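Could you have a look at this structure, given as structure tokens, before my questions?
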Amino acid sequence: MAMLDAMDVTGNPSSVHAEGRTAKMLVERARAQVAELVGCKATQVVFTSGATEAAAMAVAQKDRHGGTFAALPTEHDCVSVWGDIDVSGLYDRDGHVTGAEADLAQGALVAVSAANSETGILRPSKRVAGSGEGYSVLCDITQVAGKLPVLYEAVTPSYAILSAHKLGGPKGVGALINFTSDDPAPMLRGGGQEMGRRSGTENVIGIAGFGAAAQAAGRDVAAGRWDEVAQFRNILENAIAAVSKKTIFVGKAAARLPNTSLMLTPGWKGETQVMQMDLAGFAISAGSACSSGKVKASKVLTAMGYNEQDAACAIRVSLGLETTEDDVRRFTQSWAAKFNKHEKRAA
């Protein structure tokens with residue numbers, strides 16, 4: 001409804017006439033709604049085309065933080081692609097950093113996600129990482145925002161990034177949260193929109209949808225609606241485990257997002273499972289949805305110590321607020337039938 005209403009607004013939010021002010025009001029309302037969800041000031045929200053642009057914008061500020069950027073290979077591709085320093089081998093099979101956190105300070109700006117996009121594993125403290133002594137933090141909160149309360153360490157990160165579509169909002173809009181005292185230097189220059197931080201006419205319709213989705217997501221979190229989703233996820237995993245003793249639920253011993261299960265069944269390619277479950281009417285992915293079209297082993301799993309053959313046998317199953325227990329039962333029954341056929345062929 002927010003997006004439909006925004007479609008009727010013809011003004012440019014940079015214009016001072018009545019139509020422009022109306023558009024500007026929609027953008028600023030959404031800015032306040034996003035700020036409320038993630039626990040920041042409205043002025044700290046910079047709207048972007050998505051978390052990918054927000055990540056690039058944050059990394060572009062690295063010269064203000066010592067000039068280097070470090071990202072674990074388990075970070076989302078839009079973050080890890082910018083890494084200047086090799087910090088591989090720091091994760092264990094539960095997805096926890098094995099070295100002291102100070103080891104990450106090799107890079108003055110360090111990426112530490114709040115939750116992994118493939119495994120759903122949360123940081124041990126279940127809080128968004130704060131900048132530490134000698135280094136600053138860029139935190140990807142895309143997976144956490146809208147599913148769990150966004151809680152910060154005693155010190156906030158320098159930057160956080162998120163995307164609207166992970167909240168049930170529109171695709172193609174996101175935000176950089178700038179917790180520093182300085183405005184980020186713009187990557188896109190021109191008209192000086194977003195208070196000079198990101199030029200280009202704002203996507204008023206998408207931003208309005210982002211704000212409405214953020215507000216609705218905040219209500220769902222406060223109402224504890226994701227607790228039931230976590231119960232359904234556990235039912236799913238228990239049912240799969242009863243059928244397949246070989247299937248590994250990555251990160252099950254760790255704190256995870258309530259809706260995510262990364263299932264690894266050695267010897268059964270993830271891409272094959274995705275196609276078979278698609279034919280059965282279920283949409284799952286082999287790894288992160290942004291990279292699941294690539295036929296290769298998950299770099300997240302190989303970074304966690306799994307070999308490439310096993311890492312290529314993982315699927316990610318994500319549940320939503322509309323998922324029912326009946327949906328879960330139908331999925332597990334279908335998966336079990338296909339697993340049994342696979343096992344017979346492999347025998």
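The values are calculated or read from the model by the stated rules, or taken from the named source; none is laboratory data. Treat the numbers as computed from the prediction; the structure is a model and nothing was measured. FYI the Cβ positions are ideal-geometry reconstructions off the backbone, even for glycines, and counts take in every protein chain you see. These area figures cover heavy atoms from the full protein model, side chains too; ligands, DNA and RNA do not enter into them. Shrake-Rupley method; radii C 1.70, N 1.55, O 1.52, S 1.80 Å.
With both partners inside the stretch 94-239, how many of the DSSP beta bridges are antiparallel, as a percent to the nearest 5?
Antiparallel bridges make up about 45 percent of those DSSP assigns within the stretch 94-239.
Bin by bin, in steps of 5 Å, what percent of the Cα pairs in the stretch 21-92 do you find, going until the bin that has the longest distance?
3, 14, 17, 17, 17, 14, 9, 5, 2, 1, 0
Taking the 0 to 90 degree range and rounding to the nearest ten, how far is the long axis of helix 204-222 tilted relative to the main principal axis of the chain, both from C-alpha atoms?
It works out to around 60 degrees.
If you don't mind, another one. So, for the chain, what is the accessible surface per residue at a probe of 1.4 Å, expressed in square angstrom?
So the chain comes to 44 Å² accessible per residue, rounded to a whole number.
Any chance you could give the angle, 0 to 90 degrees and rounded to 10, that helix 18-38 forms with the longest Cα principal axis of the chain?
Between helix and principal axis, roughly 50 degrees.
Tally Lys/Arg at +1 and Asp/Glu at -1 over every other residue whose Cβ is under 10 Å from the Cβ of residue 323; what's the total?
That works out to -4.
Leaving out ligands, DNA and RNA, what percent of the accessible area of the chain is carbon and sulfur, probe 1.4 Å?
That share works out to 52 percent.
By DSSP, what percent of the beta bridges with both residues in the chain are antiparallel, rounded to the nearest 5?
65 percent
Still on this structure, I have one more. For the stretch 115-211, what number results from the quotient of the Cα radius of gyration and 2.2 N^0.38 Å?
Relative to the rule-of-thumb radius for its length, the stretch 115-211 sits at 1.18.
For the stretch 200-286, state what percent of all Cα-Cα pairs lands in each successive 10 Å bin, counting from 0 Å until the bin that includes the largest distance.
Using 10 Å bins, I get a P(r) of 14, 32, 28, 20, 6, 0 for the stretch 200-286.
Still on this structure, I have one more. By how many degrees, between 0 and 90 and to the nearest 10, does the Cα long axis of helix 325-346 differ from the longest principal axis of the chain?
Computed tilt is about 50 degrees.
Of 242, 280, 211, whose Cα points farthest to the positive end of the dipole of the stretch 196-304 (charges on the beta-carbon: +1 Lys, Arg; -1 Asp, Glu; origin at the Cα centre)?
242
With charges set only on the Cβ (+1 for Lys and Arg, -1 for Asp and Glu), what does the dipole of the chain come to about its Cα centre, in debye to the nearest 20?
About 740 debye.
To continue, here is another question. Which of the listed residues, 125, 7, 262, is farthest toward the dipole's positive end in the chain, when Lys, Arg count +1 and Asp, Glu count -1 at the beta-carbon?
Among 125, 7, 262, the one farthest towards the positive end of the dipole of the chain is 262.
For the chain, divide the Cα radius of gyration by the Kirkwood radius and give the resulting Rg/Rh value with two decimals.
Reported Rg/Rh (Cα atoms, Kirkwood Rh): 0.99.
Also: Report, in listed order, any pair from 41/252; 41/299; 126/341; 171/299; 299/338; 147/344 with a Cα-Cα distance greater than 29 Å.
41/252; 41/299; 126/341; 147/344
Here's a follow-up. How large is the helix-only mean residue ellipticity at 222 nm for the chain, computed as the sum of -39500 (n - 2.57) over DSSP H runs with n ≥ 4, divided by its residue count, in deg cm²/dmol to the nearest 500?
-10500 deg cm²/dmol
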